[in-house]
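Novice: Please find one structure pasted underneath; my questions will follow.
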Amino acid sequence: MPTIFTHGGTAHRDEVLACAIILAKEHASNQDWSIRRVSAIDETAVTDLDYVVDIGGVYDPLSRRFDHHQDDKLPASVVLVMRHFGILDAAYEWYPWVEFTDIMDTQGPRAAAEWLDVRASTLAHLRSPLELAFLREFENSVLVVPGSFIHDALLLVGRDIIDGLEIRAERLELLKTRTVVEWCEGQPLCIYFLDDVPRPEMALRMFRRRFAPGARIGVITNVRGSGWSMFRFEDRSGVDFRHVATHPEVEFVHTTGFLATTKTRCPTDILRQLVRHAAGISQENSNDT
């Protein structure tokens, strides 16, 4: 059975994600792949088909060797693996966690905290018990074989990473043709994407960054109800949906005012009234494009 070799001991996000991506990429070959965690590489046990990840002191994509520890100029192993499969540029564009994972693994928590502009002690607060449990399960496995929980979970993660890039790119193309941007005094005010699709928020922030930078509000279908969802983009102030809480069409307003939903998929003229009111803008000061 072809094998992905990686290091034993403490498991890190870097090599676990690298293994997940390899599993997902190789799954199409209809071969069963295992993952073996070792303290050192026995060259006699490694075939030309096998991968060696984050161990062994060699970076050679043609030989499927993806270690970075021997050269401080090399990025983390997950970055090397993404580069090998031709998805690195897209991953950097769509997944903010890639750069953070690289810095954390190659430069340590202090550098990662500086990159996030937080204290190093803050990083511990950002780790989910889901990730901790997953890493611990991987850490406790010497051999990960097909059919095991951790193998299936890694395959799921790898597929989500790879397929997610294609899905997001496709969604961005849809947004280009189906999104309406409302402008006010020469600046983008609100992005309306009203198509009934799964995860309507997907790629909306990328659309904003490219085509409506600085837009203050987004409006999408409410996947939890039968109306619309209106929200303030995270880096914008001066928008408070508590101002529209008493409107008969409004169903819910978050206590902090960053989000509101409507009871029905009301006409866009009502939506625009709500958006302008939340942003403190009178109707005559806005125009659509």
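Every number in this text was worked out from the coordinates using simple rules, so none of it is lab data. All values reported here derive from a predicted model rather than from experimental measurement. Cβ sites come from the backbone with ideal geometry, for glycine too, and all protein chains shown count toward neighbours.
Novice: Expressed as cubic angstrom per residue, what is the convex hull volume of the alpha carbon set of region 163-207? Could the numbers behind the result be given before it?
Specialist: Numbers: hull volume 3.0 nm³, N = 45.
With only Cα atoms used, region 163-207 gives 67 Å³ per residue.
Novice: Suppose R0 equals 25 Å; then what is the FRET efficiency for residue 114 and residue 282 from their Cβ-Cβ distance, rounded to the nearest 0.05? Before the final figure, lay out each step's value.
Specialist: On the way: r = 43 Å, r/R0 = 1.74.
Efficiency computed from Cβ-Cβ geometry: 0.05.
Novice: Which of 126, 62, 116 moves most in a GNM of the chain, Cα contacts under 10 Å?
Specialist: Residue with maximal mean-square fluctuation among 126, 62, 116: 126.
Novice: Compactness ratio of region 102-261: Cα Rg over 2.2 N^0.38 Å, N = residue count?
Specialist: On the way: Rg = 20.2 Å, N = 160, 2.2 N^0.38 = 15.1 Å.
Against the compact-globule rule of thumb, the ratio is 1.34.
Novice: Shifting gears a bit: What list of whole percents do you get for P(r) of region 206-282, with Cα-Cα distances grouped in 10 Å bins up to the one holding the largest distance?
Specialist: Computed distribution, short to long bins: 20, 55, 24, 1.
Novice: With label points built 7 Å along Cα→Cβ from the Cα atoms of residue 71 and residue 153, find their separation and express it in nm.
Specialist: Placing both labels 7 Å beyond Cα along the Cβ direction yields 3.4 nm.
Novice: Let me ask you something else. Once the convex hull of the C-alpha atoms of the chain is built, how many Å³ does it hold per residue, rounded to a whole number?
Specialist: Output value, Cα hull per residue: 161 Å³.
Novice: Let me spell out the model: positive unit charges on the Cβ of Lys and Arg, negative unit charges on the Cβ of Asp and Glu, origin at the Cα centre of region 139-220. What dipole size does that give, in debye rounded to 20? Could the numbers behind the result be given before it?
Specialist: Working: 11 positive and 12 negative charges, 75 e Å.
The calculated dipole for region 139-220 is roughly 360 debye.
Novice: Moving on. May I ask you to sort 206, 1, 104, 82 by Cβ crowding, counting other Cβ atoms within 10 Å and putting the fewest first? Don't skip to the answer; put the middle values down first.
Specialist: Values: 206 16, 1 11, 104 22, 82 26.
Ordered from fewest to most neighbouring Cβ atoms within 10 Å, 206, 1, 104, 82 come out as 1, 206, 104, 82.
Novice: If you project the alpha carbons of region 1-137 onto their three principal axes, what span does each projection cover, largest first, in Å?
Specialist: Rounded to whole Å, the extents work out to 45, 30, 29 Å.
Novice: Now, a different point. Neighbouring Cβ atoms within 10 Å as the yardstick, rank 79, 38 fewest first. Walk me through the numbers on the way to the answer.
Specialist: Working: 79 24, 38 17.
If I rank by nearby Cβ atoms, fewest first, I get 38, 79.
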